[in-house]
Amino acid sequence: MTNKYIYFIANWKMYGDLKSVNSLNKVINFTKKYKKKKFKLIYCPPYTLLESFYKKIKRTKIELGGQNCHFEPSSGPYTGSISPTMLKKTGAKHVILGHSENRNEGETEQQINKKINSSVKCGLKVILCIGETLVQKKKKKTKQILLRQIIKGLYKIKNLNNITIAYEPVWSIGTGVVPSNHELEKNIKTIRNILKKNIKFKRPKVLYGGSVNIKNIRNLARIKDIDGFLIGGASQNAKKFIDIVKKTII
Ligand code: 13P
């Protein structure tokens, strides 16, 4: 791990209802107790809960993010979509883009790039998810995939300091399988090299995501050069989420 701020981003995916807002109480108390420690918590609940979450966390150090948005910056005839401006107005400061669950449903590199562009222009910080599938890994195409996703996703994006990269190998999402430390270190290094050499992004934050849980976090936290974690399933349970943070920073 680096000795900078460590990020813990809770991606709630399509889970949660109004009652789940109360689970934040425990997490808020935890952040107060450990306010001197260097960590940041960001909650990304479904759109329907953004405002309720914001009410709960607005006077705390916890920040809010969306899980996706449309590439149209403000408004337009896009049924079922939310714009970056709308996200911002809920109190969100961040947005997750390029998640493999959306890429898998047909989201293209070009759309992701347009979404990143509008989001940054609207003042949101972007968490760009990248990662190879199992088939790509087996065909030894990981580096090629990471290169393509980074170059296409960040094409002509200015203000790179508003971008955080989340390396999420598709085969480790929701499977309980995580890469070995060696493999993860190697891929994080590859990502940093691509960012530095190909797009002159010198000091990026790079997170890991995929089956992070209370059992594997101690081991994952040993990995060099990771700025934090993007956590799905385990982040919906306040106690588990807090334990993950504790095991990393305390
Ligand atoms: P899990 O932690 O449930 O594997 O999900 C990871 C993820 O997709 C976070 O964006």
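The numbers here are math on the coordinates, done by the rules we state, and not lab data. If you're wondering where the values come from, they're calculated on a predicted model, not measured in any experiment. All Cβ positions, glycine included, derive from the backbone under ideal geometry; neighbour counts span all protein chains shown.
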Original post:
Looking at the stretch 220-246, which of the residues that are part of a helix (DSSP H, G or I) and away from the ligand (no atom under 15 Å from the Cβ) is farthest from LEU24 (Cα to Cα)?
Top reply: LYS246
Original post:
Only one of (1) among the hydrophobic types (A, V, I, L, M, F, W, C); (2) touching a strand residue (DSSP E or B) at 6+ places or on another chain (Cβ under 8 Å); (3) surrounded by fewer than 22 Cβ atoms within 10 Å (Cβ to Cβ) is not met by ILE28, so which one is it?
Top reply: (2)
**OP:** Looking for whichever is under 30 Å from HIS182 (Cβ atoms) and assigned to a helix (DSSP H, G or I) here; the options are ILE116, ILE42, ILE112. Which one fits?
**Re:** ILE112
Original post:
List, please: which pairs have Cβ atoms under 7 Å, are six or more places apart or on different chains, and start with a residue in the stretch 50-66 that is free of Cβ contacts under 8 Å to residues at least 60 places away in the same chain and more than 14 Å from ALA238 (Cβ to Cβ) and end with one that is buried (at least 22 other Cβ atoms within 10 Å of the Cβ) and among the aromatic types (Phe, Trp, Tyr)?
Top reply: LEU64/TYR43; LEU64/PHE53
Subject >> Total residues in the stretch 168-185, condition assigned to a helix (DSSP H, G or I) and within 12 Å of the ligand (Cβ to nearest atom) >> reply: 3
**OP:** Under 9 Å between Cβ atoms, at least 6 apart or on separate chains: pull out the pairs that start in the stretch 225-250 with a residue that is touching a residue at least 60 places away in the same chain (Cβ under 8 Å) and of a type in the set (Asp, Glu) and end on any residue that is buried (at least 19 other Cβ atoms within 10 Å of the Cβ) and assigned to a helix (DSSP H, G or I).
**Re:** ASP225/ILE188
**OP:** Return a yes/no flag: does the stretch 69-79 have any residue that is under 17 Å from the mean Cα position of the chain (by Cα) and within 16 Å of the ligand (Cβ to nearest atom).
**Re:** yes
Original post:
For the stretch 175-192, what are the residues that are exposed (fewer than 13 other Cβ atoms within 10 Å of the Cβ) and closer than 13 Å to LEU134 by Cβ?
Top reply: THR175
**OP:** Please list, ordered by first then second residue, the pairs with beta carbon atoms under 8 Å, 6 or more apart or interchain, first in the stretch 95-108 and within 20 Å of ILE42 (Cα to Cα), second part of a loop (DSSP other than H, G, I, E, B) and more than 12 Å from the ligand (Cβ to nearest atom).
**Re:** VAL95/CYS69; VAL95/LEU124; LEU97/CYS69; GLY98/GLU107; SER100/THR133
**OP:** Hey, can you tell me all the residues within the stretch 186-211 that are within 16 Å of the ligand (Cβ to nearest atom), farther than 16 Å from HIS99 by Cα and among the hydroxyl-bearing types (Ser, Thr, Tyr)?
**Re:** none
Subject >> Complete set of residues in the stretch 128-149 that are within 19 Å of GLN67 (Cα to Cα) and either outside any loop (DSSP other than H, G, I, E, B) or out of contact with any Pro (no Cβ under 7 Å at 6 or more places or on another chain) (or both) >> reply: LEU128, CYS129, ILE130, GLN149
